[in-house]
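Read the structure below first, then the notes.
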Amino acid sequence: MSRYRFDQLRGFAGTLLQRVGLAEERAATVADVLLEGDLLGHDTHGLALLAAYLGELERGAMRRDGDLEIVSDRPAVALWDGHRLPGPWLMVRAVDAALVRARSLGSATIVIRRSHHIACLAAYLLRATQQKMALLIASSDPNSASVAPFGGTRAVFTPNPLAAGFPTAGDPVLIDVSASITTNGMVARRHQAKAAFAYPSLLDASGRPTADPAVMYASPPGTILPLGGLDAGHKGYGLALMIEALTGGLAGFGRADAKEGWGATVFVQALDPDAFGGLDAFVRQKEHIAQQCRDNPPIDPTAPVRLPGERGLARRRRQLAEGVELHPTIMPALLPWAARLSVAPPDAL
């Protein structure tokens, strides 16, 4: 992988977004969120998305201008219509608004319908944990489907990611998982590289398990297995249904409606531990469990038990100091945009 200075990548991404018509503040927010995904190691949901975002903005499928609509608003909950504005920009506003309300009310929930794609869920968690708050995020895309219900062969769901961040005495715990075994982004990357998964992660259209990502591009297409796979996929199926309820259900807009294009329906909930048992008590409980996990005898002595987010945060610190590592497919996808929009690409370190 090539490495680049963080500030140069940030300026490069933000300038590309501005050149296709996004206002400076919105462009900077989208660039920051995408880069945060790469810093944490979620490199299918970082700058790997930028070329697609540029295309969506240029075509008008992602709106450049206008504002969100407040559909419903009560002290502790709100529903926004994102009107297909950039997902990372909408999400930063939603997270920050939920945190402000939760400081006063103990918890606050904001649901967004008709957002564009929101990138990496983990990229938003530090906004809460740095304030000693907890944050839950769930997302679905009612415009597409790639995951079948357990026991079925026809796609109904997207991977339906779920993220949670909460503070401890040291680094926060950052959880970012999905209700499926893998993601659409990883399927696309492996298909492009002609690389099979390490185990059956997919079904072909007839319901046969396979590790070959090419089945997702066949006619008829295959599907991604729910989390738990062939033996325990009912668990991922249950999670997918729960996330659909929190997103499309609460939004009143989802798979029952006409498709509008690549996007997201999102559930954001902030919680203030001080409104419950208190921050000190919260941290004491979480630190006790965290230490039990760290001290747990490992199956492999060379691979001690880690907490979710531990490796990502270490990688984030290293990359901010030494340069951001980009997957080899990312910069080649951005160079044609840079040439067409007259934006100088950053130099590799």
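The values are calculated or read from the model by the stated rules, or taken from the named source; none is laboratory data. These figures come from a predicted structure and were not determined experimentally. Here the Cβ is made from the backbone with ideal geometry for all residues, glycine too, and neighbour counts use every protein chain on show.
Given the criteria surrounded by 22 or more Cβ atoms within 10 Å (Cβ to Cβ), over 19 Å from the mean Cα position of the chain (by Cα) and of a type outside the set (A, V, I, L, M), does Gly228 qualify? Here the answer is no, as Gly228 does not meet what is asked. Comparison of Ala211, Ala290 shows that the only residue that is among the aliphatic types (A, V, I, L, M), in contact (Cβ under 8 Å) with a residue 60 or more places away in the chain and in contact with a strand residue (DSSP E or B) (Cβ under 9 Å, 6 or more places away or on another chain) is Ala290. Any residue at all in the stretch 39-46 that's within 23 Å of Gly252 (Cβ to Cβ) and either surrounded by 22 or more Cβ atoms within 10 Å (Cβ to Cβ) or at pLDDT 95 or above (or both)? No, the stretch 39-46 contains no residue that is within 23 Å of Gly252 (Cβ to Cβ) and either surrounded by 22 or more Cβ atoms within 10 Å (Cβ to Cβ) or at pLDDT 95 or above (or both). Screening Ala258 on (1) hydrophobic (A, V, I, L, M, F, W, C); (2) over 30 Å from Ala98 (Cα atoms); (3) surrounded by fewer than 12 Cβ atoms within 10 Å (Cβ to Cβ) shows it passes everything except condition (2). Among the residues of the stretch 292-349, those that are in a helix (DSSP H, G or I), among the hydrophobic types (A, V, I, L, M, F, W, C) and either over 30 Å from Leu57 (Cα atoms) or out of contact with any Leu (no Cβ under 9 Å at 6 or more places or on another chain) (or both) comprise Cys293, Leu313, Ala314, Ala321, Leu335, Ala339. Being crowded, with 18+ Cβ neighbours inside 10 Å and either in contact (Cβ under 8 Å) with a residue 24 or more places away in the chain or farther than 17 Å from Ala123 by Cα (or both) is the filter here, so list the residues in the stretch 19-31 that pass it. Matches in the stretch 19-31: Arg19, Val20, Leu22, Arg26, Thr29, Val30. Note on the stretch 1-48: residues that are under 17 Å from Leu326 (Cα atoms), part of a helix (DSSP H, G or I) and of a type in the set (Asp, Glu) amount to 4. Report yes if some residue within the stretch 224-247 is within 30 Å of Gly60 (Cα to Cα), of a type in the set (Gly, Ala, Ser) and either touching a Lys or Arg at 6+ places or on another chain (Cβ under 6 Å) or without any contact (Cβ under 8 Å) to a residue 40 or more places away in the chain (or both); otherwise report no. Scanning the stretch 224-247 turns up at least one residue that is within 30 Å of Gly60 (Cα to Cα), of a type in the set (Gly, Ala, Ser) and either touching a Lys or Arg at 6+ places or on another chain (Cβ under 6 Å) or without any contact (Cβ under 8 Å) to a residue 40 or more places away in the chain (or both). Residues considered: Leu22, Leu49, Leu16, Leu79. Of these, the only one that is more than 30 Å from Ala108 (Cβ to Cβ) and of a type outside the set (Gly, Ala, Ser) is Leu16.
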